[in-house]
Amino acid sequence: MNLRLFILAGFWLVLAPAARAQWLTQSIDLKAGWNAVFLHVDTGHDTLNNLVGGDTQNPILEVWRWNPPSVAQFVNNPASPTPTVEWTSWVRANPASTLQRLNGDTAYLVRVGTNAPTYTWRLKGKPVVPRHDWTVSGLNLIGFPTVTNTPPRFDAFLANAPELQSATPEIYHYPGGELGATNPALLPALLFRNTPVKRGQAYWVRSGTVFNRYFGPFEVVQSGVHGVDFRETLSSATFRLRNLTASNLTVTLRLTASETPPAGQTNIAGLPPLLLRGTLNPTNLTYGYTNVPVNTARIWTLAGRGLPGSEVEVVLGLNRAAVTNVPGTLLAGVLRFTDSLGHSQVDVPVTAKAAASSGLWIGGVAVTDVGHYLKSYERDGNNQPVTGTNGSYNVSAIDTSLGKAARPYPLRLIIHNPNTGNASLLQRVYYGVDPSTNIVVATRESSLNSAYLKDARRISATHLPWTETNAPYAFNGRLRAQTNLTTTILLPYDDQASNPFLHTYHPDHDNLKPGFKEIQPQGAESYAIQRSITLNVTPPGNDFSSLVAAGDTLTGTYIENVSVKGLARAGGTNDTRQFEVRGAFSLSRVSEIPTLTVAP
């Protein structure tokens with residue numbers, strides 16, 4: 001498999017549904033006999049044998065899930081649960097029952113012992129975004145994401161479904177008791193105004209031949225059904241709020257905390273710091289933002305269905321700059337949407353993980369300031385230069401201040417940051433497949449599989465000295481937000497490969513004495529160079545894009561002090577001149593591979 005396929009596989013792995021980790025408890029009131037319930041949470045983390053069978057106080061005897069044979073549900077009458085392919089069941093008396101886990105956004109028939117009192121079934125699970133599809137043939141066993149307290153009546157709830165205005169839907173409900181002529185029972189249209197649409201209750205509903213997809217006065221349109229999961233690397237997510245009614249509608253968002261996870265599930269450290277992207281600033285082309293604190297309302301007013309402004313795009317970001325938890329720490333919450341009619345409550349899970357800064361970082365420097373080396377000479381009363389005892393003019397001062405460059409000079413930075421230990425600066429790096437078909441970040445080409453070199457990449461920084469071993473230059477710490485890193489690069493005066501003062505075939509700059517046999521001392525024809533490079537990582541800009549990209553983008557100030565060392569002086573020192581350059585740098589993480597393969 002070539003590198004492109006590996007990268008593509010990794011890309012789809014990132015997009016694959018991840019395990020959501022927010023927790024809510026759904027309470028469902030059950031009566032003796034048969035009940036139809038609709039789950040807005042997913043309890044697939046545990047089995048019915050444990051959730052129900054392991055609770056001696058739980059009076060549930062059977063749970064049945066209907067598996068329609070096709071998307072078109074050709075059912076004319078409410079189906080009775082029977083041991084056929086259309087039904088999957090769990091029975092308390094049979095621990096080996098086929099149905100063991102309850103999915104969210106799904107309807108079930110639940111039988112409670114007839115001698116049992118009214119029972120409140122509390123299920124802790126992960127919230128699930130409601131689906132938005134009905135069939136136009138037969139009955140649908142569905143539930144609605146209505147509000148828990150004071151739910152709307154059927155007449156008010158369905159009055160906002162334009163498709164249903166030309167037809168009166170058939171609705172069957174389960175009032176309790178054994179299955180028979182009155183259970184499930186047809187709800188007459190005259191009773192619509194007296195019957196609440198209870199959250200957690202399922203109904204058999206037929207809309208005739210009218211196409212309908214109404215689950216409430218608004219919908220949250222996402223690319224998937226698993227909520228918002230920033231994982232360790234993603235920074236923003238986009239969804240749309242859409243008004244399904246004919247009149248203006250206000251939709252309110254509140255961020256709520258997750259409940260404590262069940263035993264054995266990942267601990268949640270807190271809520272993710274979320275941002276809502278604002279409008280574009282035409283001056284600097286950056287987006288503003290508003291924070292999303294816990295339980296604080298964020299409101300959108302939408303025009304009537306089909307009118308301009310009936311839907312709005314919402315860009316939600318994770319403020320990576322504010323995530324200071326240990327890498328891998330789980331942050332989770334619930335985005336709760338409600339409407340001004342008081343009809344619906346849509347819970348969207350939101351999850352993020354604190355990211356490590358490990359991996360390969362590539363970026364550049366724009367050098368904008370360069371140190372002077374300007375001498376001022378001592379002068380006598382006649383404004384003539386004063387000569388010292390050695391015949392040289394006496395220097396009175398040296399100006400080493402910084403001056404602006406005529407235009408920014410570009411330098412490339414290649415930095416590898418491991419999981420543990422200090423970051424390293426590299427002159428070049430190789431990214432490709434090793435002999436075991438693993439993608440690696442390596443110091444030498446010899447670490448790569450020669451059969452796939454056409455798909456590999458070499459990245460170089462030409463301003464750093466080339467060495468055959470390509471040994472990394474260690475920084476004094478890890479690369480991360482708001483830190484200072486320093487490394488030192490030593491370039492020997494006799495390094496024929498990289499020292500710019502040496503010219504192998506020029507007799508005045510080959511570092512050899514006239515006989516071409518003896519090496520000249522340092523400073524005679526070439527100089528040793530010591531470069532001290534400092535990266536001051538600064539906080540991200542106070543705009544939406546900068547804050548959400550802080551996990552994979554770092555910026556700051558680049559400082560380099562260059563020491564050019566010449567002839568030896570008395571006392572063991574060297575004649576040295578120092579120069580300083582400064583600029584701004586920006587780094588982007590291009591790979592999360594934490595290990596740098598160092599080839600011998």
Checklist outcome for this item: Over the chain, the sum of -39500 (n - 2.57) across DSSP H runs of at least four, divided by residue number and rounded to 500 deg cm²/dmol, gives at 222 nm -1000 deg cm²/dmol
Item to check | Per principal axis, descending, Cα span of region 492-561 in whole Å | outcome: 66, 18, 14
Checklist entry - Using alpha-carbon positions, what is the distance between the centroids of region 467-521 and region 355-429, in Å? => result 17
Item to check | Fraction of antiparallel bridges per DSSP, region 218-353 only, in percent to nearest 5 | outcome: 90
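What is the sum of charges, Lys and Arg at +1 and Asp and Glu at -1, for the other residues whose Cβ falls under 15 Å from the Cβ of residue 404?
Details: positive: 407, 582; negative: 369, 399, 580.
Here the count lands on -1.
Given 0.36 nm per residue, what is the gain on full extension from residue 463 to residue 240 after removing their alpha carbon distance, in nm? Could you put the intermediate results ahead of the total?
Working: separation 223, 0.36 × 223 = 80.28 nm, distance 4.77 nm.
Net length gain for the segment: 75.5 nm.
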Checklist entry - What number in nm² do you get for the chain if you take the convex hull of its Cα atoms and divide its surface by four? => result 41.2
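If you average the sequence gap of Cα pairs under 8 Å that are 6 or more apart and divide by the length of the chain, what percent do you get for the contact order?
Numbers: 1465 pairs, mean separation 73.9, N = 600.
Once divided by the residue count of the chain, the mean separation gives 12 percent.
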Checklist outcome for this item: Here, residue 86 and residue 471, labelled 7 Å along Cα→Cβ, have an inter-label distance in nm of 7.7
Next on the checklist: Using only the alpha-carbon atoms of region 218-353 as identical scatterers, what base-10 log of I(q)/I(0) does the Debye formula give at q = 0.13, 0.14, 0.21 Å⁻¹?
Outcome noted: -0.60, -0.69, -1.32
Item to check | Residue (of 271, 117, 85) at the positive-pole extreme of the chain, dipole from beta-carbon charges | outcome: 117
Checklist entry - Of 498, 584, 319, which is farthest on the positive side of the dipole of the chain, counting Cα position, with +1 on Lys and Arg Cβ, -1 on Asp and Glu Cβ, and the Cα centre as origin? => result 319
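So, R0 is 45 Å and r is the distance between the beta-carbons of residue 322 and residue 149; what FRET efficiency does that work out to, to 0.05?
Numbers: r = 33 Å, r/R0 = 0.74.
Efficiency, rounded to the nearest 0.05: 0.85.
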Checklist outcome for this item: Cα-based Rg and Dmax for region 537-600, in Å, come out at 19.6, 58
Next on the checklist: What does the charge count around residue 108 come to, taking other residues whose C-beta lies under 11 Å from its C-beta (Lys +1, Arg +1, Asp -1, Glu -1)?
Outcome noted: +1
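With viscosity set to 0.890 mPa s and temperature to 25 °C, compute the Stokes-Einstein D of region 359-597, Rh being the Kirkwood radius across alpha carbon pairs; µm²/s, no decimals.
Details: Rh = 20.9 Å.
My calculation gives 118 µm²/s for D.
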Checklist entry - On average over all directions, what projected area in square nanometres does region 335-397 have, based on the convex hull of its Cα atoms? => result 14.2
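Find, among the trypsin sites (Lys or Arg not before Pro) in region 551-600, those assigned to loop by DSSP (not H, G, I, E, B) with at most 15 other beta-carbon atoms within 10 angstrom.
Numbers: sites: 565, 569, 577, 582, 589; in loops: 569.
Within region 551-600, the qualifying trypsin sites (Lys or Arg not before Pro) (loop, at most 15 other Cβ atoms within 10 Å) are 569.
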Checklist outcome for this item: In Å³ per residue, the alpha-carbon convex hull of region 387-517 encloses 256
Checklist entry - Points 7 angstrom from Cα along the Cβ direction at residue 513 and residue 286: gap in nanometres? => result 6.2
Checklist entry - With θ set to phi - 60° and the Karplus curve 6.51 cos²θ - 1.76 cosθ + 1.60, what are the ³J(HN,Hα) couplings of region 588-600 in order, to the nearest whole Hz, using x for Gly and Pro? => result 10, 7, 9, 8, 9, 5, x, 10, 9, 7, 9, 7, x
Item to check | Dipole of the chain, positive direction: furthest Cα of 429, 568, 143, with charges on the beta-carbon | outcome: 143
Checklist outcome for this item: For the chain, percent of DSSP beta bridges that are antiparallel (nearest 5) comes out at 95
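Relative to the Cα centre, what is the charge dipole magnitude of the chain, using +1 at the beta carbon of each Lys and Arg, -1 at the beta carbon of each Asp and Glu, and rounding to the nearest 20 debye? Intermediate values should be presented prior to the final figure.
Working: 47 positive and 40 negative charges, 146 e Å.
I would put it at about 700 debye.
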Checklist outcome for this item: Under the 7 Å Cα-to-Cβ spin-label approximation, residue 404 and residue 340 lie apart by a distance in nanometres of 5.2
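Coordinate-derived values only; no laboratory data. What you see is a predicted model, and the numbers here were worked out from it, not measured in a lab. Ideal geometry is used to build each Cβ from the backbone, glycine not excepted, and the neighbour counts take in all protein chains shown.
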